[in-house]
Amino acid sequence: FLSAATGKLPSWNFGKYLVGRDGKPVAFYGSGVNPTGDELRKAIEVGALGWSFTTSGSHSDGDGQPVPSRWASKEEMLAMATEVGKHEGTSLEGIVPGCLDRFADDEIELLATLSAAAKRVMNWNVLTIDSREPDRVGRQVEAFDRAKEIGGRVVALTMPVLVPMNMNFATFCGIWLLPGWEDTLRCDIPERIARLQDPATRATLLTASKSEEAGIYRRLADWEDYVIGDTFAPENAGLSNRTVGEVAAERGAEPFDTLLDIVIADGLQTILWPAPKDKDPESWRMRVEAWNDERVMIGGSDAGAHLDRMCGATFPTRFLGDMLNGRKLIPIERAVQLITQTPAQLFGLVDRGTLVEGSNADIVVFDPETIGSENAHMVADLPGGCSRLTADSYGI
């Protein structure tokens, strides 16, 4: 961590160097000192698609430290966006803390300004649509409206299916982002278990999980609705695929206490699946409305960041299957258009996304009676015996 100007540790700001084999810096992130897009230009010239960034507090590296772009000043981000605009066929995407719930005014201004500077569509993910938070969508798409005023375009990505994300008390996941929870979950496993056994700590964690401060992560605090996945201890035999609420009722205990008792018995290895709360008819009506809004596009990506937590890659087949044989919310022709022509046009992909004479096209053939995807399941096929989620599709 050095100042680009002096080579010394600054007291007022921090950045990250990438150091070459000769020990000299070859790239610099987050200094706010003499920001330029030189390294980005070099990357694009050898094949990079564009620039993406995050300033969200939920994005850390493998050591739990903020990823490099979280150190960046507005001036550095503006320099990066300006460089993107100098190259044809480039793309721009970003995430700010408000993507998780609601944008602050300065976040809308930042996204709009970067899009205008790059002369590129800025996409962000993911827009969560939930009838219990009816004003969220309207607030989030204001970023599009502001960008349009200054010559930019900011489009929200939203998923057309519900994508479960599993939770686990042994490794980093969404529950770490509940206010005050990290202090307990960052302890080593024996200390973590000791704290989770303490009634006072349990009460504190439960209160924090349901607080206003928890924001969108309050969605994780419906503990009684969690579905128990893989278990490991003999005393947890037979609990898989049951809800915590059912088990708690049998035991005459509170759901949160029951959940903690289960995971402690498993040495915190239990796999837990929060039940989605946004599957009501009104939430789906709101989703259809968003799909038909130019400020929103179907899609979403985590670039593989949650490979053992969630599996959203099957959304095209699940979406088409749902529109044909499930909820049938929009015609299949419109569903196909939303995942082909619409993104191609948005990102400027020439001669792609439509089946017309003279264009390049991949033709996807599917069986309208069977198209869909199976539920995600864990496979341990990564280096070091690590696990990931996967799901096959069928009828395609």
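Side notes on the structure shown:
- Some residue of segment 81-95 being within 26 Å of I216 (Cα to Cα) and open to solvent by 10 Å² or more (accessible area, probe 1.4 Å): yes
- Qualifying position, being open to solvent by less than 10 Å² (accessible area, probe 1.4 Å), in contact (Cβ under 8 Å) with a residue 40 or more places away in the chain and part of a helix (DSSP H, G or I), among A147, A112: A112
- Restricting attention to segment 37-70, the residues being acidic (D, E) and not in a helix (DSSP H, G or I) number 2.
- The number of residues in segment 164-209 being of a type in the set (A, V, I, L, M) and touching a Phe, Trp or Tyr at 6+ places or on another chain (Cβ under 7 Å) comes to 7.
- All conditions but one from (1) touching a residue at least 40 places away in the same chain (Cβ under 8 Å); (2) open to solvent by 60 Å² or more (accessible area, probe 1.4 Å); (3) not charged (D, E, K, R) apply to N360; the one that does not is (1).
- Tally, over segment 335-354, of residues that are in contact (Cβ under 8 Å) with a residue 12 or more places away in the chain and not aromatic (F, W, Y): 12
Conditions (1) open to solvent by 30 Å² or more (accessible area, probe 1.4 Å); (2) of a type in the set (A, V, I, L, M), marked per residue:
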{"position": "N236", "(1), (2)": "no, no"}
{"position": "L239", "(1), (2)": "no, yes"}
{"position": "G252", "(1), (2)": "yes, no"}
{"position": "P274", "(1), (2)": "no, no"}
{"position": "P281", "(1), (2)": "yes, no"}
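- Residues being in contact with a Leu (Cβ under 7 Å, 6 or more places away or on another chain), in a strand (DSSP E or B) and more than 24 Å from M297 (Cα to Cα) are entirely absent from segment 379-387.
- Selection of first residues in segment 209-226 that are part of a loop (DSSP other than H, G, I, E, B) and of second residues that are small (G, A, S), restricted to Cβ pairs under 8 Å at least 6 apart or on distinct chains, gives the following pairs, ordered by first then second residue: K210/A221; D222/A275; Y226/A275.
- Pairs with Cβ under 6 Å, 6+ apart, first in segment 377-396 and more than 17 Å from W273 (Cα to Cα) and at pLDDT below 90, second of a type in the set (G, A, S) and open to solvent by less than 70 Å² (accessible area, probe 1.4 Å): A380/S387
- Selection of segment 61-77 for residues being surrounded by fewer than 19 Cβ atoms within 10 Å (Cβ to Cβ) and either more than 23 Å from L177 (Cβ to Cβ) or under 13 Å from the mean Cα position of the chain (by Cα) (or both) yields S73, K74, E75.
- Hits in segment 228-243 (condition: in a loop (DSSP other than H, G, I, E, B) and under 14 Å from I264 (Cβ atoms)): T231, F232, A233, L239
The values are calculated or read from the model by the stated rules, or taken from the named source; none is laboratory data. Note that the structure is a prediction, hence the values are computed from the model and not measured. Note: ideal-geometry Cβ built from the backbone for every residue, glycine included; neighbour counts use all protein chains shown. Calculation scope for accessible area: heavy atoms of the full protein, side chains included, ligands and nucleic acids excluded. Shrake-Rupley method; radii C 1.70, N 1.55, O 1.52, S 1.80 Å.
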